[in-house]
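The values are calculated or read from the model by the stated rules, or taken from the named source; none is laboratory data. Worth saying up front: this structure is predicted, and the values here are computed from it rather than measured. Every residue, glycine as well, gets a Cβ built from its backbone with ideal geometry; the counts of neighbours run over all protein chains shown. The protein model used for the area step is the full one, side chains on, heavy atoms only, and it has no ligands, DNA or RNA in it. Shrake-Rupley method; radii C 1.70, N 1.55, O 1.52, S 1.80 Å.
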Amino acid sequence: MGALRLPALTSIFTSSSSVRSSPAIFPLKHHLRLPVRRPFSAQSTTEKVVAPELGDGKGKVVDKDKDRVITPRSQDFNAWYLDVIANAELADYGPVRGTMVIRPYGYAIWEAIQEYMNVKFKETGHSNMYFPQFIPYSFIEKEASHVEGFSPELALVTVGGGKELEEKLVVRPTSETIVNHMFTQWIHSYRDLPLMINQWANVTRWEMRTKPFIRTLEFLWQEGHTAHATAEEAEEEAMQMIDVYTKFAYEQAAIPVIAGRKSRVETFAGASTTYTIEAMMGDRKALQAGTSHNLGQNFSRAFGTQFTDENGQRQHVWQTSWAISTRFVGGIIMTHGDDAGLLLPPRLAPVQVIIIPIWKKDNEKAGVLTASSSVKETLQAAGIKVKIDDSDQRTPGWKFNYYEMKGVPLRIEIGPRDVSSGTLVISRRDIPGKQGKVFGISMEPSALVAYVKDKLNEVQSSLLERATTFRDSNIVDVSSYDELKEAIAQGKWARGPWSAGDEEESKVKEETGATIRCFPFEQPEGPKKCLMTGNSADEVAIFAKSY
């Protein structure tokens, strides 16, 4: 195919028309109370804290100084999301439009995801490695559907060392092409297969409409790439990895995703089949939280990635690729958060337990701090992520609200009376007010550790149960196009039989804004008729508006 003409990187940055027509990173139209250049934070966030019990009379949650604001979710979900990211200190602007800086607390959530996934990848036979960030543009051109699918999002380097480059370089949007280039050099015989690797990396996609964590010019992810001798092995690998993602979503993130197969229209550019996990966010939009692609022989044929089989015949390898990204952090925020801020599943929380020492008189301080330190050491020795806030610049009430906003699952309060009785108070983040608070918990190490672990498990299970109930109550079974349109108009997901073609699928998107999120693996039994054509259908599909 002929070379596809794309703008140079300099023109992408300087084109006045593109700058005027595209919105600023992280939409501001519902966030006008903050300066234009800093939608995440009007001042240093250390000086602003949410106090959920206080209001400003306009439906917004503010603190006594009225300088930190969290918009209620029900009032403006997008503004709420941006407020939470700012106030919980998860991320901030990068200096280049469309980029973000992930702050330590936000990155700690990503690290927890990495730690879990790294174990699972190695258990399933994959090794970590790294590929270059710069890819020759000619590589992208080799697979026709791949270049067509990614060309609008490519960032190109045309100048290096002050000189015009002989060949443009693509800043990695994904790595199938460069992986195949290297696989072709490493794979010779069936004895070299399967070849199964993963890399943790950054990628760049020139998005015009951005949202922190969900869609940014640059983001972090892992991408797995494998090569196999048979189609059956590749399909087994693709299914295995979407199962790993599904288990992670349920068991670690407490997000009840729906796993299934993408439609042909929604299949990854260059893949034969794409499998996905789809999550329902708090505003009922769908989030594609992870994908696994069976690439067939599309890339191996384009790059000549072959091996000699046991019969001495040359064959093209069968391949897969699969990935999850920092988008998952955004999914956690939007699935579990509430008007008080973040609400983190304990298994991914950077801090699982916050200890707040409470004293009024100077002669009470030493005893309270000693008891608090002892409790911290006990929990830490048991593998629990625990922190003490013993600063005396802020009141206990301020700290309660601050760590609720940070989404810490459990709070321990220790005062002079607790020290005298050898007990303490524990509050659950997922149950607000007095209902979530239990008094008189023993400080005796074995009893305390057992109680805290039990409560952390309860919070984890509660979040999953709550999210599952919300998801199921917002999925509508439909049997006609009119019913589908009505369900989407109500902001819900529509589930119905589908056997129509690409044109009908495009019609649904044009008229409702919804797309086929997936054909779920779990399918109802019995005969079905397509909601659009009335013809026989083998499967039901899920339609929803998405991020």
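Read through the labelled values (i) 44, 27, 26; (ii) 64, 26, 19; (iii) 54, 23, 20 and report the label of the one computed as semi-axes √(5λ) of the Cα gyration tensor in Å from the structure.
Derived directly from the coordinates: (i).
What is the set of long-range amide H partners of residue 282 at a cut-off below 5 Å, with H atoms built 1.01 Å from backbone N?
Distant-sequence amide H within range of residue 282: 335.
From the cross-link list 507/545; 168/211; 142/163; 360/399, which pairs have alpha carbons spaced over 18 Å apart?
On the way: 507/545 14 Å; 168/211 29 Å; 142/163 26 Å; 360/399 15 Å.
Cα-Cα > 18 Å for 168/211; 142/163; rest within.
Provide the net charge surrounding residue 109, with neighbours chosen by a C-beta distance below 14 Å and charges set as Lys +1, Arg +1, Asp -1, Glu -1.
It works out to a net charge of +2.
Return the distance in nm (one decimal) between the two label points of a simple spin-label model at residue 473 and residue 101, each offset 7 Å from Cα along Cα→Cβ.
Spacing of the two 7 Å Cα→Cβ label points: 4.1 nm.
So what J values fall out for the stretch 293-310 if you push phi through Karplus, 6.51 cos²θ - 1.76 cosθ + 1.60 with θ = phi - 60°, rounded to Hz, Gly and Pro as x?
Working through the residues one at a time gives 10, 8, 7, x, 10, 4, 7, 5, 6, 5, 9, x, 7, 10, 9, 8, 7, 5 Hz.
Within 13 Å, Cβ to Cβ, of residue 495, how many net charges do the neighbouring residues add up to if Lys/Arg are +1 and Asp/Glu are -1?
Details: positive: 471, 492, 517, 528; negative: 278, 472, 477, 483, 522, 539.
That sum, taken over residues with Cβ under 13 Å, equals -2.
Which of rounded, prolate or oblate describes the stretch 305-460 when judged by the alpha-carbon gyration tensor and an a/c cut-off of 1.5? Numbers along the way, then the final one.
On the way: a/c = 3.34, a/b = 2.49, b/c = 1.34.
Prolate, because a/c is 1.5 or more and a/b exceeds b/c.
Testing the spin-label approximation: label points 7 Å from Cα along Cα→Cβ at residue 546 and residue 504. State their distance in nm.
With each label point 7 Å from Cα toward Cβ, the separation is 2.0 nm.
Which order do the peptides 186-193, 78-85 come out in when sorted by mean C-beta neighbours inside 10 angstrom, highest first?
Numbers: 186-193: 14.9, 78-85: 24.8.
Top to bottom by mean Cβ count within 10 Å: 78-85, 186-193.
Which percent of the accessible heavy-atom area of the stretch 230-295 goes to carbon and sulfur, probe 1.4 angstrom? List each step's numbers first, then the result.
Values: 900 of 2060 Å².
Taking all protein chains in place, the stretch 230-295 shows 43 percent carbon and sulfur surface.
If the only charges are +1 at each Lys and Arg Cβ and -1 at each Asp and Glu Cβ, what is the size of the charge dipole of the chain around the Cα centre, to the nearest 20 debye? Don't skip to the end; give the middle numbers.
Details: 64 positive and 68 negative charges, 389 e Å.
In total the dipole reaches around 1860 debye.
Can you tell me which of 332-342, 488-498 comes out highest on packing, and rank the rest after it, using the mean Cβ neighbours within 10 Å? Kindly include the intermediate steps, with their values, before the conclusion.
Numbers: 332-342: 23.5, 488-498: 20.0.
Those peptides, ordered most packed to least, come out 332-342, 488-498.
Restrict the search to the stretch 461-539; then list the GluC sites (Glu not before Pro) that DSSP places in a loop and that have at most 13 other Cβ atoms within 10 Å of their Cβ. Please list the in-between numbers first.
Details: sites: 465, 483, 486, 503, 504, 505, 510, 511, 522, 525, 539; in loops: 522, 525, 539.
Passing both the DSSP loop test and the Cβ count: 522, 525.
Collect residues whose amide H, placed 1.01 Å from N in the peptide plane, falls under 5 Å from the amide H of residue 259; neighbours closer than 5 in sequence don't count.
Amide H neighbours of residue 259: 278, 521.
Could you tell me what percent of the DSSP beta bridges with both partners in the stretch 376-527 are antiparallel, to the nearest 5?
On the way: 8 of 11 bridges.
Once the DSSP bridges in the stretch 376-527 are tallied, antiparallel ones form about 75 percent.
When only C-alpha pairs under 8 Å and at least 6 residues apart count, what is the relative contact order of the stretch 440-547, in percent? Provide the component values of the computation, followed by the final result.
Values: 141 pairs, mean separation 28.2, N = 108.
For the stretch 440-547, the relative contact order is 26 percent.
So what is the accessible area of the chain per residue, in Å², with the probe set to 1.4 Å? Mind dumping the intermediate values first?
Numbers: 24240 Å² over 547 residues.
On a per-residue basis, the chain sits at 44 Å².
What does the extension gain come out to for residue 420 and residue 145, with contour length at 0.36 nm per residue minus their alpha carbon separation?
Working: separation 275, 0.36 × 275 = 99.00 nm, distance 7.09 nm.
Full-extension gain reported as 91.9 nm.
Given R₀ = 45 Å, FRET efficiency for residue 123-residue 439 by Cβ-Cβ distance, to 0.05?
Working: r = 43 Å, r/R0 = 0.95.
Plugging the Cβ-Cβ distance into 1/(1 + (r/R0)^6) gives 0.60.
Through the Karplus equation 6.51 cos²θ - 1.76 cosθ + 1.60, θ set to phi - 60°, convert the phi angles of the stretch 188-193 into ³J(HN,Hα) values in whole Hz; use x for Gly and Pro.
10, 10, 4, 5, 7, 10
Which of the peptides 396-408, 168-180 is most tightly packed, and how do the rest follow, judged by the mean count of other Cβ atoms within 10 Å per residue? Mind showing how you got there, number by number?
On the way: 396-408: 21.6, 168-180: 23.4.
By packing density, highest mean first, the sequence is 168-180, 396-408.
What is the distance in Å between the Cα centroid of the stretch 494-547 and that of the stretch 379-421?
49
Using 7 Å Cα-to-Cβ label points, what is the residue 189/residue 522 separation (nm, one decimal)?
Label at residue 189, label at residue 522, 4.7 nm between them.
Once you order the gyration tensor axes a ≥ b ≥ c over the Cα atoms, which shape class does the stretch 395-461 get: rounded for a/c under 1.5, otherwise prolate or oblate by comparing a/b with b/c? Before the final figure, lay out each step's value.
On the way: a/c = 2.09, a/b = 1.15, b/c = 1.83.
Oblate, since a/c reaches 1.5 and b/c is not below a/b.
If I model the stretch 263-384 as equal point scatterers sitting on the Cα atoms and use the Debye formula, what is log10 I(q)/I(0) at q = 0.11, 0.13, 0.15, 0.21 Å⁻¹?
Normalising to I(0) and taking log10 leaves -0.68, -0.78, -0.88, -1.14.
Considering only 303, 408, 351, whose Cα is most displaced toward the positive end of the charge dipole of the stretch 301-428, charges sitting on Cβ of Lys, Arg (+1) and Asp, Glu (-1)?
Selected residue: 303.
Can you list residues from other chains, or at least 5 along the same chain, whose modelled amide H is less than 5 Å from the amide H of residue 91?
Here the answer is 103, since their amide H atoms fall under 5 Å of that of residue 91.
Where in the stretch 275-383 are there GluC sites (Glu not before Pro) that are in a DSSP coil and have at most 16 other Cβ atoms within 10 angstrom of their Cβ? Kindly include the intermediate steps, with their values, before the conclusion.
Values: sites: 278, 310, 364, 377; in loops: 310.
For GluC sites (Glu not before Pro) across the stretch 275-383 that sit outside H, G, I, E and B with at most 16 neighbouring Cβ atoms in 10 Å, the list reads 310.
Answer rounded, prolate or oblate for the stretch 397-547, using the Cα gyration tensor with square roots of eigenvalues a ≥ b ≥ c: rounded when a/c is under 1.5, else prolate when a/b is larger than b/c, else oblate.
Values: a/c = 4.95, a/b = 3.13, b/c = 1.58.
Prolate, because a/c is 1.5 or more and a/b exceeds b/c.
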